[in-house]
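Reviewing the structure listed below.
The values are calculated or read from the model by the stated rules, or taken from the named source; none is laboratory data. On a predicted model such as this, the values are computed, not experimentally measured, just so you know. Note that we place each Cβ from the backbone using ideal geometry, even for glycine, and neighbour counts take in every protein chain shown. Remember, those area values only see protein heavy atoms, side chains included, never the ligands or the DNA or RNA. Shrake-Rupley method; radii C 1.70, N 1.55, O 1.52, S 1.80 Å.
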Amino acid sequence: MTILVTGGAGYIGSHTCVELLAAGYDIVVVDNLRNSDMAAVEGVKKISGKNFPFYQVDMRDADAMDDIFAKHNIGCIIHFAGHKAVGESVAIPAEYYDNNINATLGLCKAMKKHGVKNIVFSSSATVYRSDNTVPWVEEAVLGAANPYGWTKFMCEQILRDCVAAEGWSAVLLRYFNPVGAHPSGIIGENPQGIPNNLMPFIAQTAKGIREKLQIFGNDYDTPDGTGVRDYIHVVDLAIGHVKSIDYCLKHSGCEAFNLGSGQGISVLELVKTFEAENNVPVPYEFAPRRAGDLGAYYADPSKAKRLLGFATQKSLADMCKDTWRYQEGNNG
């Protein structure tokens, strides 16, 4: 079966391509390279030893997407493509709504035209309201706190409506905090400019690219006062997508799953583990809390374990060591 991977040159998309190829699927990758580059595509080919079609296409280009669907016998789609930085979404909301929602609408139109009925959607824990009791379950109250989260919320609703109207099968994967890199060190998270996420900022600080890590808030009601989050190794996350395809092909309707470890890790614990596992210092200082940040949230991953047969395998130490291996080999 051929899987169309939108945003397949991105951080999570590229790791998922590796796992799809390892599982015996053929893939077709579409990416406009706005926040990714061809190095990840070449990295996937190097790791897998396999070639695959790649199209540098903006998914809002209906004619280009129509050509791709016409050329390939696509059985299922994994839809990653989209702008993804929370802070940037607050600064340029119209661009986020235009890109993320219209890309999804265009994809749905192409699916209907070409008779493709299966899709796995890259959603986010940002679709949950912040006042839900932790751990967050899939039935928790939805409602985003920023434009990025609202785009994911709206895309989930678009897919639910299309599933109801067209008889499709859709799996909505709500990620928590993906970190780490492929154990080969060939592909990993390579943000353009100043990192938006904690782990690459830690790695760049350890490398000397950044002078110091700022930890926002050390007075939360958590064991060490710093924010607690649910971190999942990107390879585990990628394997979750493969299992989601298996589920999607065997079930109709629309189902949401949390993909996380279910374990809360504090910022300070992450920093200290990174230092210990890699024998490097990470200079840091405490700074005031950021508006909108939560003290703690993490997933209840039991539904994914029960229905997808998915549970994380990699440890916090693996996340730290694999991140540093990639940083050392690829980022100066």
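Computed on the Cα atoms alone, the convex hull of region 193-332 gives a volume of 137 cubic angstrom per residue. Of Lys45/Lys243; Lys243/Lys303; Lys50/Lys243; Lys152/Lys321, which ones are farther than 23 Å apart at the Cα? Beyond 23 Å between Cα atoms: Lys152/Lys321.
Using every pair of alpha-carbon atoms in region 246-309, split the distances into 5 Å bins beginning at 0 and state the percent of pairs per bin, rounded to integers. Once binned at 5 Å, the Cα pair distances of region 246-309 give 3, 12, 15, 15, 13, 13, 10, 8, 6, 3, 0. Tilt of helix 198-207 relative to the longest C-alpha principal axis of the chain, in degrees (0 to 90, nearest 10)? Rounded to the nearest ten degrees, it is 60.
The long axis of helix 11-22 is offset from the longest Cα principal axis of the chain by roughly 60 degrees. Sequence-distant contacts, meaning Cα pairs under 8 Å at least 6 residues apart, place the relative contact order of region 255-332 at 47 percent. Determine which residues of region 115-156 fall in the zone a paramagnetic label at Glu95 would reach in this model, i.e. backbone nitrogen under 18 Å from the point 7 Å along Cα→Cβ. Hits in region 115-156 for Glu95 at 18 Å: 146-152. The angle between the Cα long axis of helix 267-278 and the main principal axis of the chain comes to about 90°, on a 0 to 90 degree scale.
Straight-line cross-link partners of Lys272 among the aspartates and glutamates, defined as a Cα under 15 Å from its Cα and at least 8 positions apart when in the same chain: Asp224, Glu285, Asp318. Between Ala22 and Asp221, the modelled labels are 4.1 nm apart [label points 7 Å from Cα along Cα→Cβ]. Kirkwood Rh over Cα pairs of the chain into Stokes-Einstein at 25 °C, 0.890 mPa s: D in µm²/s? So the translational diffusion coefficient is about 122 µm²/s. Longest stretch of the chain clear of exposed loop sites (GluC sites (Glu not before Pro), DSSP loop, at most 13 other Cβ atoms within 10 Å, sites excluded): 1-138. Extension gain for the segment Asp37 to Ser184, taken as residue separation times 0.36 nm less the Cα-Cα distance, is 51.1 nm to one decimal. Not counting ligands, DNA or RNA, and with a 1.4 Å probe, what is Val179's accessible surface area in Å² rounded to the nearest 10? Rounded to the nearest 10, the figure is 10 Å².
Bridging of Lys314 to lysines at a Cα separation below 16 Å is possible for Lys305, once same-chain residues fewer than 8 apart are set aside.
Using just its DSSP H runs of length 4 or more, each adding -39500 (n - 2.57), the chain gives a mean residue ellipticity at 222 nm of -12000 deg cm²/dmol after division by all residues.
Multiplying the residue separation of Glu328 and Asn51 by 0.36 nm and subtracting their alpha-carbon distance yields 97.1 nm.
Excluding same-chain neighbours fewer than eight residues apart, the lysines reachable from Lys71 by a Cα-Cα span under 18 Å are Lys109, Lys112, Lys113, Lys117. Please give the Cα centre distance for region 194-214 versus region 68-140, rounded to the nearest Å. When both Cα centres are located, 28 Å separates them.
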